[in-house]
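Sharing a structure here in structure tokens format.
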Amino acid sequence: MPRHHQSTKAPGGSQRQLRVGEIVRHAVADILAQGGVHDADLEGHIITVPEVRMSPDLKLATVYVMPLGGKDTDVVLAALSRNKKFLRGEVAHRVNLKFAPDLRFRVDDRFDEAERIEKLLRTPAVQRDLKQESDDT
């Protein structure tokens, strides 16, 4: 009887997915930082690339981006999508993989979520509860 191994995958994928994702993240971030994409909609934008998630077969890279200040996210996403063929070629030159992954771009909304939580923690009701909890101890 064949034995089935329990999968112990890390959050966000296997070690290989995480490692390749980080290599692709560096490549995309470098290309954007060096102004390698010539598109009027990207000029004047500083774009951070906090994360790249790879599919299990490493053929699709989901690139999470955030323009500095969180402004013009739709414009920036559209420009990156228009230039994804060029970016894929540039990534292929910089990253030694059997296949250059397809790139898809998403806005990294973790900053928005952190800000929402921060605002929630500052509301009077939460402040009152936190104060009451510290008075009880």
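May I ask you to compute the full-extension gain from Arg94 to Ser14, defined as 0.36 nm times their residue separation minus their alpha-carbon distance, rounded to one decimal in nm?
Gain on extension, Arg94 to Ser14, equals 26.6 nm.
Which is farthest toward the positive dipole end of the chain among Val24, Pro124, Val107, measuring Cα position about the Cα centre, with Cβ charges +1 (Lys, Arg) and -1 (Asp, Glu)?
Val24
About its Cα centre, what dipole magnitude does region 15-108 give when the only charges are +1 on Lys and Arg Cβ and -1 on Asp and Glu Cβ, stated in debye to the nearest 20?
480 debye
Run the reach check for Lys85 against lysines, Cα to Cα strictly under 28 Å, same-chain hits fewer than 8 apart removed. What comes back?
Result set, ordered by chain and number: Lys59, Lys71, Lys98.
Filter the trypsin sites (Lys or Arg not before Pro) in region 68-112 to those in DSSP coil with at most 15 other Cβ atoms within 10 Å of their Cβ, and list the result.
Lys71, Lys98
Could you name the lysines whose alpha carbon sits less than 26 Å from that of Lys131, not counting residues in the same chain fewer than 8 places away?
Lys119
Separate question: Kindly provide the GluC sites (Glu not before Pro) of region 29-129 that DSSP labels as loop, not H, G, I, E or B, and whose Cβ sees at most 10 other Cβ atoms within 10 Å.
Of the GluC sites (Glu not before Pro), the ones in loops of region 29-129 whose Cβ has at most 10 other Cβ atoms within 10 Å are Glu43.
With just the Cα atoms of region 44-85, tell me how far they stretch along each of the three principal axes, in Å, largest first.
34, 20, 13
I want the antiparallel fraction of DSSP beta bridges within region 15-108, as a percent rounded to 5.
Working: 6 of 12 bridges.
Once the DSSP bridges in region 15-108 are tallied, antiparallel ones form about 50 percent.
Further question on the same structure: Taking 0.36 nm per residue of separation and subtracting the Cα-Cα distance, what length does fully extending Gln34 through Gln127 add?
29.0 nm
In Å, what is the Rg of the alpha-carbon atoms in the chain, and how long is Dmax?
20.1, 62
Read-outs throughout are calculated quantities, based only on the coordinates presented, and are distinct from any laboratory measurement. Predicted, not measured: the structure shown is a model, and the values here were computed from it. Here Cβ is always computed from backbone atoms with ideal geometry, including for glycine, and neighbour counts include all displayed protein chains.
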